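Just below is one structure, and these are the notes that go with it.
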Amino acid sequence: MTKIKTKGVRGRIAHEIYTYCAFWIAVSSLPALALSYVVVRVSKHLWIKLLSSRYPHLEFIRTDTIRSLLDTHRNQGIINVLLCIKGSHNVEQIRNELYEHVIERRDKDGGLMFPRLRHCLVSCWGNYAWDAHVPFRRENHFIVSNAVYRGRPVSDSNIQDYVSEIISKYFPSDQPPWQYIVIPCISPDPKYYILVRVHHMLLSGTNSINIGDLLLIEQLKPEERRTTQHAQASPLNKLFPTPKAIPELWEKMNETMSNVWNEFISEYDPVESPRASKTLPGAFHVAGLLLVSAASAIRELKKKKSSEGTEHATTPTSYIRVVRQECKRRNLTMPKLILSPLVTADPRKWPRLTLSAAFSTARAFLKLPFTLKDELTAIREFKLTGHVKQTNTITWKYAELAQTLMNATLEAWRCAVEVYRAPAELWSDTVGADDGNRHLLQTVSLCGRKVVSWSRPIPRSSIERSGRALGVSATDVALYAATDAIRAVFDSAQGDTPNYVLTTARAAPEEFLFTFAEGDGKEYKKSHAGGMICLSLPIGATPRRIASLISEACTAQKALSGAWALQARCGALTRSVPSPLARLTLNLLSRRYAVSYAEINAPPDAALRTTVWGQTVDHIVYWRPPQANISLSLTVIQYSDTVRLAVMADARLSPTHTVPAQRWPVAVEQLIAKVNTEIARIAARANIPEGELHAVTSETKDISVSQSYSSETTLKPPTAESLSPPPTRKSLT
């Protein structure tokens with residue numbers, strides 16, 4: 001929106017015309033998209049059915065995901081998590097916990113909860129399938145390392161190289177694609193590492209497992225799960241607003257309809273109210289009994305279906321039979337059905353009904369002035385205080401519902417505006433974004449194997465304190481240091497440093513990693529599968545410029561983040577678009593957005609977690625595997641009171657992949673040192689005691705950082721423009 005304001009009148013008019021044309025082009029393509037959805041679903045079903053008949057021993061996976069579309073034999077999506085655990089390792093205890101809680105875990109019916117852990121993943125004619133007819137040996141998956149790397153014991157000095165070499169290897173093709181590796185380590189303080197490696201196909205679909213099940217970390221109660229709701233909350237957690245008024249209106253309507261239905265049943269259903277059967281039913285009473293019987297029949301069929309556990313569809317014959325049974329329960333016979341019109345049109349009722357109607361009309365006419373006065377008073381009270389005291393008014397009964405309806409209408413209108421602007425913004429933020437000069441991370445020839453590294457920890461309080469001093473969030477500080485680390489990659493490779501790098505960014509809470517699949521774990525993980533935005537990160541930008549870029553992207557890219565969240569939760573893209581077209585599009589886009597950035601956020605007062613066997617987890621490192629043409633994946637992990645950067649890169653970038661992990665903490669510490677120096681200088685000028693320096697951080701919003709990471713100059717107050725504008729993008733449309 002900021003860019004639109006700076007374009008002037010002609011620019012805004014051109015943008016509106018572009019938005020209008022993009023919207024109608026998208027609307028015109030909806031029939032083709034609907035046809036494509038039908039064709040894709042039918043052809044996928046027929047193709048899987050053909051393959052199943054040809055290979056009956058395989059169970060083919062029917063649902064595609066983004067990662068399964070991008071998977072190749074050389075470039076697999078393997079999730080890797082490293083736990084550093086305090087204390088000495090007891091191999092037998094760890095093995096027993098893994099067998100009991102994961103491998104041998106049973107569901108309520110007595111079957112294996114995670115049978116896929118015993119199945120081999122194969123690819124047949126471009127489709128993944130599970131092969132259950134392979135021998136499963138536990139010792140192939142629970143591995144205790146010999147703790148020797150290139151003739152030297154594994155210690156803190158070579159643990160990164162050792163873990164990187166393990167991750168660079170593929171899974172054996174004849175075994176289920178997961179490993180649980182215990183790595184002893186020589187250290188002054190007793191500790192050891194656990195490396196969990198799992199293929200992404202084990203984490204999706206039916207009988208899937210959560211990564212938290214393999215981590216075996218003690219679970220929090222559902223009411224203890226919290227997101228980072230504080231002043232320094234990551235802006236990547238708020239990519240699109242959650243509707244409030246529309247769900248509230250839906251809940252109120254359901255409550256109102258439930259009350260009306262209960263009153264209707266108490267009036268007409270003789271099963272619930274015996275007084276309803278004392279007289280012969282009229283036509284309206286018979287219609288009510290038929291409606292109640294039909295609804296009760298549906299409820300009975302659902303109850304029977306759930307109790308028997310069958311999935312057979314309800315036939316019209318069975319439904320009519322149950323409706324007859326319900327009518328018989330209510331003593332609704334054929335003679336009563338025939339006589340009901342005569343009961344309703346009985347002439348003996350006319351005089352009484354006429355007198356009753358005349359009396360009610362006269363009474364309402366006489367009370368009309370007092371009723372109007374009460375209604376006006378109630379409306380005035382509701383407008384001033386939001387509450388109504390007159391319980392006999394229509395306002396008291398429906399004012400809150402009317403207000404909710406108005407808020408829901410406004411919310412629906414804002415959603416409609418976002419939908420209208422979505423096609424233009426979606427194109428501009430992805431295909432239409434200018435990638436500038438092509439750089440090393442876009443042009444490197446990928447081999448598919450992965451190498452990893454991770455940074456030393458940085459105190460989380462220092463990052464948040466610096467963010468408060470600069471008026472930005474901890475995400476902006478971390479991403480600022482990430483841009484500095486990316487520049488160090490280009491410098492170490494002696495290549496040209498581009499002006500900016502196209503990057504995808506997303507965030508997730510730490511419970512996304514730790515929660516078990518049992519209970520509501522899968523639903524929690526799916527509901528917290530957030531969206532994604534695309535950033536054009538300037539190399540050497542200040543934290544404020546990074547904050548401006550993220551704020552603008554979160555505002556302008558709601559369509560992209562919503563579409564990505566929709567795909568993550570229900571597979572909207574992969575169900576509607578043919579697989580070859582989706583695969584081609586994603587490969588082209590990933591060639592431009594060659595860097596991915598992610599965050600694992602934790603509450604500000606999060607404590608150290610413990611394993612199910614009672615030992616404390618010192619720190620955790622999580623790597624998101626880059627796929628397609630993405631060559632570098634950066635993940636910032638908040639755990640307890642520390643923050644780390646995890647780096648996963650294609651093996652062709654080795655040994656440069658260690659540079660970001662080394663440079664990132666240095667850049668953060670330099671920024672923290674400059675901010676602390678400036679805070680001390682401001683406090684000295686204002687004669688603030690040294691013990692009260694912590695209060696200055698909330699008043700030093702005018703600190704800016706030099707763009708040169710090698711510069712040691714002091715911080716200077718900003719210019720008149722508080723937010724640095726993002727780099728100008730050339731429009732390809």
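The values are calculated or read from the model by the stated rules, or taken from the named source; none is laboratory data. Please read all numbers here as calculations on a predicted model, not as lab measurements. Methodologically, a virtual Cβ is constructed for each residue, glycine included, from the backbone with ideal geometry; neighbour enumeration extends over all protein chains shown. Side chains are part of the model used for accessible areas, which takes the heavy atoms of the whole protein and leaves out ligands, DNA and RNA. Shrake-Rupley method; radii C 1.70, N 1.55, O 1.52, S 1.80 Å.
Would you pick out the residues in segment 385-410 that are over 22 Å from GLU248 (Cβ atoms) and modelled with pLDDT of 75 or more?
Matches in segment 385-410: THR393 only.
Listed residues VAL431, VAL451, VAL472; which is crowded, with 20+ Cβ neighbours inside 10 Å and either over 31 Å from the mean Cα position of the chain (by Cα) or part of a loop (DSSP other than H, G, I, E, B) (or both)?
Of VAL431, VAL451, VAL472, the one residue that is crowded, with 20+ Cβ neighbours inside 10 Å and either over 31 Å from the mean Cα position of the chain (by Cα) or part of a loop (DSSP other than H, G, I, E, B) (or both) is VAL472.
Among the residues of segment 196-208, is any over 20 Å from ILE79 (Cα atoms), in a loop (DSSP other than H, G, I, E, B) and open to solvent by less than 20 Å² (accessible area, probe 1.4 Å)?
Looking for residues that are over 20 Å from ILE79 (Cα atoms), in a loop (DSSP other than H, G, I, E, B) and open to solvent by less than 20 Å² (accessible area, probe 1.4 Å), one finds none in segment 196-208, hence no.
Among the residues of segment 647-660, is any of a type in the set (S, T, N, Q) and more than 25 Å from VAL444 (Cα to Cα)?
Looking through segment 647-660, none of the residues is of a type in the set (S, T, N, Q) and more than 25 Å from VAL444 (Cα to Cα).
When you scan segment 539-576, how many residues do you find that are farther than 24 Å from THR242 by Cβ and aliphatic (A, V, I, L, M)?
So the answer is 3.
Name the one entry in SER466, SER428, SER461 that is over 30 Å from ARG106 (Cα atoms), touching a residue at least 60 places away in the same chain (Cβ under 8 Å) and touching a helix residue (DSSP H, G or I) at 6+ places or on another chain (Cβ under 6 Å).
SER466
Can you list residue pairs whose Cβ atoms sit under 7 Å apart, with the first residue in segment 1-14 being under 15 Å from ALA553 (Cα atoms) and the second being modelled with pLDDT of 50 or more and open to solvent by 90 Å² or more (accessible area, probe 1.4 Å)? Count only pairs 6 or more apart in sequence or on different chains.
Pairs found: ILE4/ARG12.
Going residue by residue through segment 273-281, is there one that turns out to be over 30 Å from LEU69 (Cβ atoms), open to solvent by 10 Å² or more (accessible area, probe 1.4 Å) and either modelled with pLDDT of 80 or more or in contact with a His (Cβ under 7 Å, 6 or more places away or on another chain) (or both)?
The answer is no; no qualifying residue exists.
Does LEU549 satisfy the criteria of being open to solvent by 30 Å² or more (accessible area, probe 1.4 Å), in a helix (DSSP H, G or I), out of contact with any His (no Cβ under 6 Å at 6 or more places or on another chain) and of a type in the set (A, V, I, L, M, F, W, C)?
Spelling it out, it is not the case that LEU549 is open to solvent by 30 Å² or more (accessible area, probe 1.4 Å), in a helix (DSSP H, G or I), out of contact with any His (no Cβ under 6 Å at 6 or more places or on another chain) and of a type in the set (A, V, I, L, M, F, W, C).
Looking at ARG324, ARG348, ARG380, ARG329, which is the one that is loosely packed, with under 11 Cβ neighbours inside 10 Å and either touching a strand residue (DSSP E or B) at 6+ places or on another chain (Cβ under 6 Å) or of a type outside the set (S, T, N, Q) (or both)?
When all the criteria are applied, what remains is ARG348.
Any chance segment 134-143 includes a residue that's outside any strand (DSSP E or B), closer than 29 Å to THR616 by Cβ and of a type in the set (Lys, Arg)?
Yes, segment 134-143 has at least one match.
Which helices (runs of 4 or more DSSP H) does segment 3-79 wholly contain that include 3 or more residues that are surrounded by fewer than 16 Cβ atoms within 10 Å (Cβ to Cβ)?
In segment 3-79, 8-28, 30-54 are the helices (runs of 4 or more DSSP H) which contain 3 or more residues that are surrounded by fewer than 16 Cβ atoms within 10 Å (Cβ to Cβ).
Looking at (1) touching a residue at least 24 places away in the same chain (Cβ under 8 Å); (2) open to solvent by 40 Å² or more (accessible area, probe 1.4 Å), which is the one condition that is false for GLU411?
(2)
Only one residue in TYR170, TYR180, TYR192, TYR162 is at pLDDT 90 or above, within 25 Å of HIS133 (Cα to Cα) and either part of a strand (DSSP E or B) or open to solvent by less than 60 Å² (accessible area, probe 1.4 Å) (or both). Which one?
TYR180
Would you confirm whether or not segment 534-544 contains a residue that is assigned to a loop (DSSP other than H, G, I, E, B), closer than 29 Å to ASN629 by Cβ, touching a residue at least 24 places away in the same chain (Cβ under 8 Å) and open to solvent by 10 Å² or more (accessible area, probe 1.4 Å)?
Checked segment 534-544: at least one residue is assigned to a loop (DSSP other than H, G, I, E, B), closer than 29 Å to ASN629 by Cβ, touching a residue at least 24 places away in the same chain (Cβ under 8 Å) and open to solvent by 10 Å² or more (accessible area, probe 1.4 Å).
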